[in-house]
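Asker: Mind having a look at this structure? Questions to follow.
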Amino acid sequence: MPAAEVAVDADLVRRLLRAQHPDLADLPVVELANGWDNVMFRLGDDLTVRLPRRAQAVDLVRNEQRWLPSLAGRLPLPIPAPVRHGGPGEGYPWPWSICPRMPGAVAGHRPEGDRLGHARDLGAFLAALHRPAPPDAPENPVRGGRLDDRDGLTQEHFMAVADVIDAPAAVDAWEHHLGLPVWRGVPLWLHGDLHPANGLVADGAGSAIIDFGDLTAGDPATDLAVAWMCLPAPVRPAFRVAAAVTDDDTWARARGWALSLAAVYVAFSADHPVLFQVGLTTIEEILHELAERPA
């Protein structure tokens, strides 16, 4: 995980709140998560505070502040649309957000409970999200584009983790996807980073989708990759129906995205065991799926 460029702790959050949102400053502040880009704190029972920990994440927070409130109203699951904004102060240099606390627990790789219900919830969420985006939607150089733009790095990642995966088979599988037709539709809204650690479940059903830092527009296959990263094979058809994916090429590209993203998770998540295991299992399942295809 990249090193933090600014130290963020509960004391800093408290001082920022006193200076900018004094009506909230006496609520309990407890650190929840320290990720690649942001630090998250629980604020009281119903709110969270989200602050960038490195400069690269600043524009991601601004994108969330601008776009999530307008998207939230048409999505069937809650998302952490900021309810208040903060700015630099107390030695902290960047914008930050106060968001509603989302219900549920991190889905992990195989959520317990109603997996069919979870598949349908995820699919319905993406069907609602994947609508034409405006021309000024956030740009993202590593999400929503063409699979062949990811070719060199994806193959490098496979080779780098050849001690834990069948790298030659993974490369063959990846190259199978490179010849697929590219997305020719208008750019659609994308979550951009929809993996099992960014989905929440309660009682086996989807309860919220979090972490929209990679929000962008483009090929919906990027998000549909979650079908292989989060759902067992028997419920993927229900996910596809709920997500309204009628195009076989888009579905196949989604599998290619899952393979490429899984390689990233294995290569760079040594300190994130959930995503490391997601990557390994996703690669194994895709290789098994391709091996089972009729000749």
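Every number here is computed from the coordinates shown, using simple stated rules; none is lab data. On a predicted model such as this, the values are computed, not experimentally measured, just so you know. Don't worry about glycine lacking a Cβ; one is built from the backbone with ideal geometry, like all the others, and counts go over all protein chains shown.
Asker: Calculate, in whole percent, how much of the Cα-Cα pair population of region 40-111 lies beyond 17 Å.
Answerer: Tail of the P(r) past 17 Å holds 49 percent of the pairs.
Asker: Between Leu47 and residues 5 or more places away or on another chain, which pairs have amide H atoms under 5 Å apart, with H built 1.01 Å from N, and which residues are they?
Answerer: Excluding prolines and chain starts, which carry no amide H, the hits are Arg101.
Asker: Could you work out how far apart the two model spin labels at His272 and Leu290 are, taking each label as a point 7 Å from the Cα in the direction of the beta carbon, and quote it in nm?
Answerer: Between His272 and Leu290, the simple spin-label model gives 2.4 nm.
Asker: How much length is gained if the chain between Glu31 and Arg184 is pulled fully straight, taking 0.36 nm per residue apart and subtracting their Cα-Cα distance, in nm to one decimal?
Answerer: 50.8 nm
Asker: Turning to a different aspect of this structure: Which trypsin sites (Lys or Arg not before Pro) does region 1-75 hold that lie in a coil by DSSP with at most 15 other beta carbons within 10 Å?
Answerer: Sites meeting the loop and neighbour criteria: Arg54, Arg74.
Asker: Would you calculate a helix-derived [θ] at 222 nm for the chain, using -39,500 (n - 2.57) for each DSSP H run of n ≥ 4 and dividing by the full residue count, to the nearest 500?
Answerer: For the chain, the value works out to -12500 deg cm²/dmol.
Asker: Just tell me, in residue order, which DSSP H segments of the chain are both 20 angstrom or longer along the helix axis (alpha-carbon based) and at least 0.5 in mean Kyte-Doolittle hydropathy.
Answerer: 115-129, 273-291
Asker: When the convex hull of the Cα atoms of region 209-268 is projected onto a plane and the area is averaged over all directions, what value comes out in nm²?
Answerer: Result: 4.7 nm².
Asker: At 37 °C and 0.692 mPa s, what whole-number value in µm²/s does Stokes-Einstein give for the translational diffusion of region 154-295, with Rh from the Kirkwood sum over Cα pairs?
Answerer: Translational D for this selection: 210 µm²/s.
Asker: Continuing with the same structure: Multiply the residue gap between Asp166 and Val6 by 0.36 nm, knock off their C-alpha separation, and tell me the result in nm, one decimal place.
Answerer: 53.7 nm
Asker: May I ask you to work out the translational diffusion coefficient for region 61-218 at 10 °C, viscosity 1.306 mPa s, via Stokes-Einstein with Rh from the Kirkwood sum over Cα pairs, reported in whole µm²/s?
Answerer: 89
Asker: Could you tell me how many cubic angstrom of Cα convex hull volume the chain has per residue?
Answerer: In the chain, the Cα convex hull volume per residue is 126 Å³.
Asker: Within region 220-295, which GluC sites (Glu not before Pro) sit in a loop by DSSP and count at most 11 neighbouring Cβ atoms inside 10 Å?
Answerer: Glu292
Asker: Let me ask something additional. Starting from the 7 Å offset along Cα-to-Cβ, what nm value, one decimal, do you get for the label separation of His176 and Asp136?
Answerer: 4.4
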